[in-house]
Each structure stands twice: as C-alpha cells, then as structure tokens.
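The values are calculated or read from the model by the stated rules, or taken from the named source; none is laboratory data. Remember, predicted model here, so these are calculated numbers, not experimental data. Cβ: placed from backbone, ideal geometry, glycine included. Neighbour counts: every protein chain shown. Note: areas computed on protein heavy atoms with side chains; ligands, DNA, RNA excluded. Shrake-Rupley method; radii C 1.70, N 1.55, O 1.52, S 1.80 Å.
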Amino acid sequence: MSTSWVYDPSQYQEKSFEIIPVGDYRARIEDVTEKTFKSGNHGYEITLKINGFNSFLWFYLVLDPSNVAQTNQRIGDFFNSFGITNPAMGTGKQWIGSVGAVRIKHDEYNGNTSAKVAYCIARSRQENLAPWKNGNAPIAQAPVQQNVELPSDMPFDMG
C-alpha cells in the first residue's frame, strides 16, 4: 500500500505529558473490545475517559473459568460502579457512555511511571467525586494514551 501524504514538519510540536495523578475519578466508558488475553482467557478491554483529563486508560475484564467467584466479583464491581443493571455480557458495546468511578494508581516499568486503573469504585462511595463533565469543560491535559499493551500477534512491525 502506498500513500500520497506529504508530511509537513512545520505542523509538528513536541509535547510532554503529565500522567493522571493517583486518586479517585469519575470515568466514562468510551469503547469496549472483546479480546483473547495472553492467558488464553477471553474478556473485554474497556477504554475509559477520565473526568477532567483528555486521556484514556484501560480496564480489563478477564473471564477466567478457573476462578469463577473472583471473575463474577470483578464483573459485579464493574457493573455496580458504572450503573449497569442488565447482566447480559454480549459484546459490551451496550456499556458505552456509562459513567462510573475508578481508583488510579501508578506503576513503574522500565524506569517509566504510568497511570493504571487499580479498581472500580462502588456506586455508594462515589458521592464525594466531582460530577462527570461533558466535552465542553476545559481539558486539563493534551491527548495521551497510557497503559497501552500491544498484542504480540500484530500483523505489522511496530519497530
């Protein structure tokens, strides 16, 4: 495949990004993708928009048949936090737009700090969080994607 795009370096600006601070935040489900994880288990990769930031984090629901109770607890915590009342899993696309809350933690990997979703916050513990702001609120940061793990079977070379 060939493209006729001509890159204009005058439109490039180097950017630096601060990671989302540790804490509790409202989050909105932006997308859901069904996937098979490295473990061989199926599940969902859930893209979350974090309130007050113009960046995304991911939450993973892994359906682990070897630990049914823990899997159901994790699904229940997610459903409770995001107000999902229909227990049908389906493609997960029906969850898009739901607003809940998550705890953000920081992890170190290869000398870099990244923000990650630690867990979903129960609906009954969200009352002190700032309400969700739709897109017209000022954005605290420029777009950045964090916590990205590319699958090892990508059909192209990322290097």
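One line per residue, one yes/no per condition, for (1) without any contact (Cβ under 8 Å) to a residue 40 or more places away in the chain; (2) of a type in the set (Phe, Trp, Tyr):
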position	(1), (2)
Trp5	yes, yes
Tyr12	yes, yes
Thr85	yes, no
Ile96	no, no
Asn110	yes, no
Can you find a residue that is aliphatic (A, V, I, L, M), modelled with pLDDT of 95 or more and either exposed (fewer than 12 other Cβ atoms within 10 Å of the Cβ) or within 21 Å of Lys116 (Cα to Cα) (or both) anywhere in the stretch 80-88? no
Would you mind stating whether Gly90 is at positive phi, out of contact with any helix residue (DSSP H, G or I) (no Cβ under 9 Å at 6 or more places or on another chain) and free of Cβ contacts under 8 Å to residues at least 40 places away in the same chain? yes
Mind listing just one residue for me: the one in the stretch 40-79 that is among the polar types (S, T, N, Q) and out of contact with any strand residue (DSSP E or B) (no Cβ under 7 Å at 6 or more places or on another chain) and, of those, nearest to Lys116 (Cα to Cα)? Asn54
Flag if Glu149 is open to solvent by 50 Å² or more (accessible area, probe 1.4 Å), outside any loop (DSSP other than H, G, I, E, B) and at pLDDT below 95: no
So, Ser98, is that one within 15 Å of Ile29 (Cα to Cα), touching a Pro at 6+ places or on another chain (Cβ under 8 Å) and among the small types (Gly, Ala, Ser) or not? no
Based on what the data block shows, is Asp107 at pLDDT below 95 and touching a Ser or Thr at 6+ places or on another chain (Cβ under 6 Å)? yes
Looking across the stretch 89-117 at residues that are among the charged types (D, E, K, R) and not in a helix (DSSP H, G or I), the single one that is surrounded by the fewest Cβ atoms within 10 Å (Cβ to Cβ) is Glu108
For the stretch 1-77, list the strands (runs of 3 or more DSSP E) that sit wholly inside it and hold at least 1 residues that are more than 19 Å from the chain's Cα centre (by Cα) and surrounded by fewer than 17 Cβ atoms within 10 Å (Cβ to Cβ); which are they? none
